[in-house]
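Working notes, structure below.
The values are calculated or read from the model by the stated rules, or taken from the named source; none is laboratory data. These numbers were taken from a predicted model, which means no experiment stands behind them. Every residue, glycine among them, receives a Cβ derived from its backbone with ideal geometry; neighbour counts consider all protein chains shown.
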Amino acid sequence: MGDVLSFGIDFGTTNSAAFSFGDSGKVSIETPYGAIGSMWPFPSLVAINRKDGSILTGIEARERRNELEKDYEVIRSVKTVIDKDKTYEVAGKKWTPVEIATEIFKGLAEAIRHKSKSECKSAIVAVPVGFAPAKKANIRKAAKKAGIEVLQFISEPTAAFCSNYEDLKMCTNVAVFDWGGGTLDIAVLHIENGRVYELESDRLDIGGDNIDEKIARKMHERFCENKRINISFDEMSSKAKDSIINKCENAKIDLTDTDVSNVSVLQYDDLGIVRASIDYDYFSLLIEPEVEMAMECLENAINKSGLNITNIDRILCVGGSSKLRPLRRKLIKKYGKGLVYYPKSVMWDIARGAALINTKGYQYRLNQDLGLVMSNGDFYPMLRKGQTLPCEEARMCFATVNNEKVAKFIVSDSANPDECSFQQYITVEMEKPSFLKSYFEVSCFIDPDMLFRLRIRSSEFQHKYMYFWTYDNVKLVYRLEGGGKNG
Ligand SMILES: Nc1ncnc2c1ncn2[C@@H]1O[C@H](COP(=O)(O)OP(=O)(O)OP(=O)(O)O)[C@@H](O)[C@H]1O
Ligand SMILES: [Mg+2]
């Protein structure tokens, strides 16, 4: 085909997905990639055989996740421990979280190879708002080990918004409601002249997986009643638990459009064939607490952002669990049909947004000045608001007063203590009193993981920095208009 593809990756806690845009002549081709041979994203699950170290990932690992536990070490949600100093010892080999994450990236790379016959050599990767730099650095490493260079990280809600920008162009404030398998992530975005600002975010550690298990436990009770057998769900074999949880997940998904769904398992341990139906009303009542918590989380995030619901133009719903019909109904009932927005493909929007940004070449920009407060109280910006990130190193030299051994600096984003978002006091000491014409050099830059890095050295010891400081809460803005590679 010879098509140049631009990739985006959603590295999720429960599911991951990739997406590409390519240009074949004038037609832009969009392709989602998930589990090979299925319409689903790629489950973020890695199973390693305890005897021979062989690896299972993707849909097979997910469908047999409890059963596999007998012979495999099944590692879930590696994204949440990606920066932890821990190892999984399996079959005589020590695995770090980075190596586990590498297997997921390899799975995505394989899915891309399989579907588009091309290699994913680089991609933009979406991560949650406020994702720690150490986590980003490790995701970068994991992707690299799988042959994928991370061009840039983008926050998940901003990616979801970008994917729907054409439809949401007229909005000033958008709440992104992203409910997946393991977590609900809410972010409140403010949009002005094509610039996207992240005002607030909140999270709830409840998702579709919890709901599946809840339904499974209820179904189990019914089966036991029908068969007059008294055995608790936890006592069932892992294989039986897997089958019922998978069937309940399917039933949950069915109930998006049907009023009754069936759950049946052919060999449910000693209970043999079991079968029951679940109707929408019962299901809706069962998951009411989870839905209520999700609604509350959304409301809290909006309140914390300083806005109220009358200022919100759209609630953008993404992530598989946002499709839950009881939730959708409640959202519409509370906020009105006009406010609740469901894109066409809630499961792929984050990866799609990341891929879209990749084709357009958009970059993050700095949304504050960063610099030094001088001894006379003036503020000297070293990095300026609006500049594209990551950025080159900016340097500034300070003459030292003869015979002074100590220099003091204040790093901030404003001279006014009431307006600044942080102030960092720095004192550096020379090894010996300075001579005439000696000076300190302060330099800073923002690295590809959006970490502000500042360092200081003296003219007398050019080869060695005497002070390092990093700041991970840099204010960012995304420009969706006029900021790309084409203008
Ligand atoms: N039609 C549907 N109705 C209800 N739930 C659904 C539907 N389709 C998918 N789901 C659920 O969505 C969840 C997966 O969503 P998604 O792929 O967005 O997760 P994720 O991004 O990996 O999770 P997280 O954001 O927690 O990391 C699963 O629990 C799945 O059962
Ligand atoms: Mg997600």
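Values for this structure:
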{"quantity": "Candidates D349, D279, D313, D270, filtered to the one that is over 27 Å from A17 (Cα atoms) and either within 16 Å of ligand 2 (Cβ to nearest atom) or at pLDDT below 95 (or both)", "calculated": "D270"}
{"quantity": "Only one of N193, N226 that is more than 30 Å from I309 (Cβ to Cβ), among the polar types (S, T, N, Q) and away from ligand 2 (no atom under 16 Å from the Cβ)", "calculated": "N226"}
{"quantity": "Lone qualifier among S20, S116, S6, S16 - being in contact (Cβ under 8 Å) with a residue 60 or more places away in the chain and within 23 Å of L184 (Cα to Cα)", "calculated": "S16"}
{"quantity": "Residue satisfying condition, being away from ligand 2 (no atom under 16 Å from the Cβ), touching a Cys at 6+ places or on another chain (Cβ under 8 Å), free of Cβ contacts under 8 Å to residues at least 40 places away in the same chain and among the aliphatic types (A, V, I, L, M), within set A240, A251, A216", "calculated": "A216"}
{"quantity": "Listing of helices (runs of 4 or more DSSP H) fully contained in the range 80-199 that carry 1 or more residues being within 16 Å of ligand 1 (Cβ to nearest atom)", "calculated": "97-116, 133-145, 156-163"}
{"quantity": "Test: I82 is crowded, with 24+ Cβ neighbours inside 10 Å and under 30 Å from Y362 (Cα atoms)", "calculated": "yes"}
{"quantity": "The range 190-208 - residue that is out of contact with any helix residue (DSSP H, G or I) (no Cβ under 6 Å at 6 or more places or on another chain) and buried (at least 20 other Cβ atoms within 10 Å of the Cβ) and, of those, farthest from V474 (Cα to Cα)", "calculated": "I191"}
{"quantity": "Among (1) at positive phi; (2) at pLDDT 95 or above, the one test that S77 misses", "calculated": "(2)"}
{"quantity": "Unmet requirement for L168, which otherwise passes all of (1) in contact (Cβ under 8 Å) with a residue 24 or more places away in the chain; (2) surrounded by fewer than 17 Cβ atoms within 10 Å (Cβ to Cβ)", "calculated": "(2)"}
{"quantity": "Counted residues, the range 107-135 - those being within 13 Å of D449 (Cβ to Cβ) and at pLDDT below 95", "calculated": "7"}
